[in-house]
Protein chains: 2
Amino acid sequence: MSVETLDDLFLHELKDIYDGEKRILKALPKMAKAATTSELQAAFEEHLAQTEQQIERLEQVFELIEKPARGKKCMGIQGLLEEGAELMKEDAMPPVMDAGLIAAAQKVEHYEIASYGTLATYAKILGLREAGELLKQTLAEEKETDKLLTRLASEINFEAEMASEEA
Amino acid sequence: MSVETLDDLFLHELKDIYDGEKRILKALPKMAKAATTSELQAAFEEHLAQTEQQIERLEQVFELIEKPARGKKCMGIQGLLEEGAELMKEDAMPPVMDAGLIAAAQKVEHYEIASYGTLATYAKILGLREAGELLKQTLAEEKETDKLLTRLASEINFEAEMASEEA
């Protein structure tokens, strides 16, 4: 597809995040498995269920604009997930691994916040009210997830520091 | 390098963003050239000068922790910039190109916000007060740049919609 108009740009961005979310869906079980505390594992598993719902919402948006739900390789998310995958290969102390996983996950969240923020704005300008509502709903969830990760990090980072000092 | 302790994770993240900032420094002149309004061009050029300063700050942090300033391929930023480069190849209408450039730039800003946020938190926990101050200074700048881009977008997006309707 070529991008000429704002409608094209909206569709381009929609396909990008649709592919991105599907990549995240595949990565989350690995991140949950690599997490060493039950709180972080639970957070990733919860986010997995949320991601499934967010994908459904994107499919509803595709339907509203009468386009087939099809992704377009999301190089941004791909790069972010590669960073996380590299970290998981490290032999980090348990709380340090968790701290690193949170940092990787927050980068993904921030990508999504930027993407859904842009999409919601375009939807508003293009007069796509219903699509805009769906996108804003996901945007709010991503911001919540980012805050939850920050809360989890505040404890885990201190544990990581204590473990590192003892080492 | 292997990541075992929180100090390792801090250095790992520092090398990542150091490489990322250098990639951004190379990409910004291309983005400024692709921008079609003088306001957006000026914003990218201003951010270029700011990025140079942010790189210097990172070098000061390396010095403070007595490590050589050396990057580590930042796959996250690489992916984000590839997305921007792909967009620049499109034959988009001028304001649509600008809207897309802003969207791409905001993803980069959000990566930086997540990265500097994490680094500033680690610095605090590790008792690296001076490094923490430098990182927080950059974090505040990135948040400001993101807000500036949102302000610019609010006008450009409407122009993009009007141009698309006329087409």
Fill in the blank from the handout: Residue count, region B:44-82, condition among the aliphatic types (A, V, I, L, M) and facing another protein chain (nearest Cβ under 8 Å), comes to 3
Exercise for the section: Give me the pairs, please: first residue somewhere in region B:1-12 and within 7 Å of another protein chain (Cβ to nearest Cβ) and touching a residue at least 12 places away in the same chain (Cβ under 8 Å), second residue anywhere and buried (at least 20 other Cβ atoms within 10 Å of the Cβ) and in a loop (DSSP other than H, G, I, E, B), beta-carbon distance under 8 Å, and either six or more positions apart or on two chains. Expected result: B:6/B:126; B:7/B:126; B:9/A:92; B:9/B:3
Problem - Subset tally (residues that are more than 12 Å from the chain's Cα centre (by Cα) and open to solvent by 30 Å² or more (accessible area, probe 1.4 Å)) for region B:1-22 - result: 6
Exercise for the section: Please go through region B:103-123 and pick out each residue that is within 7 Å of chain A (Cβ to nearest Cβ) and closer than 30 Å to residue B:167 by Cα. Expected result: B:103, B:106, B:107
Problem - Qualifying positions in region B:88-102 - in contact (Cβ under 8 Å) with a residue 12 or more places away in the chain and within 7 Å of another protein chain (Cβ to nearest Cβ) - result: B:93, B:96, B:99, B:100
Problem - Output for region A:37-75, where each listed residue is part of a helix (DSSP H, G or I), under 30 Å from residue A:157 (Cα atoms) and in contact (Cβ under 8 Å) with a residue 24 or more places away in the chain - result: A:39, A:40, A:43, A:44, A:47, A:50, A:51, A:52, A:54
Exercise for the section: Tell me, yes or no, whether region A:129-140 has at least one residue that is more than 21 Å from residue A:8 (Cα to Cα), away from chain B (no Cβ under 11 Å) and open to solvent by 40 Å² or more (accessible area, probe 1.4 Å). Expected result: yes
Completion exercise
Every listed condition ((1) within 10 Å of chain A (Cβ to nearest Cβ); (2) surrounded by fewer than 24 Cβ atoms within 10 Å (Cβ to Cβ)) holds for residue B:148 save (1)
Problem - Filter pass, residue A:85 being at the interface with another protein chain (Cβ under 10 Å from one of its Cβ atoms), within 19 Å of the chain's Cα centre (by Cα), over 24 Å from residue A:12 (Cα atoms) and among the aliphatic types (A, V, I, L, M) - result: yes
Exercise for the section: Taking residue A:50 as the residue in question, decide whether it is open to solvent by 60 Å² or more (accessible area, probe 1.4 Å) and modelled with pLDDT of 95 or more. Expected result: no
Practice task
Output the number of the condition that residue A:78 fails; it satisfies all remaining conditions of (1) at negative phi; (2) surrounded by fewer than 24 Cβ atoms within 10 Å (Cβ to Cβ); (3) assigned to a loop (DSSP other than H, G, I, E, B).
Solution key: (3)
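The values are calculated or read from the model by the stated rules, or taken from the named source; none is laboratory data. Since this is a predicted model, take the numbers as computed values, not measurements. Ideal geometry is used to build each Cβ from the backbone, glycine not excepted, and the neighbour counts take in all protein chains shown. Surface accessibility is based on the protein's heavy atoms, side chains included, excluding ligands, DNA and RNA. Shrake-Rupley method; radii C 1.70, N 1.55, O 1.52, S 1.80 Å.
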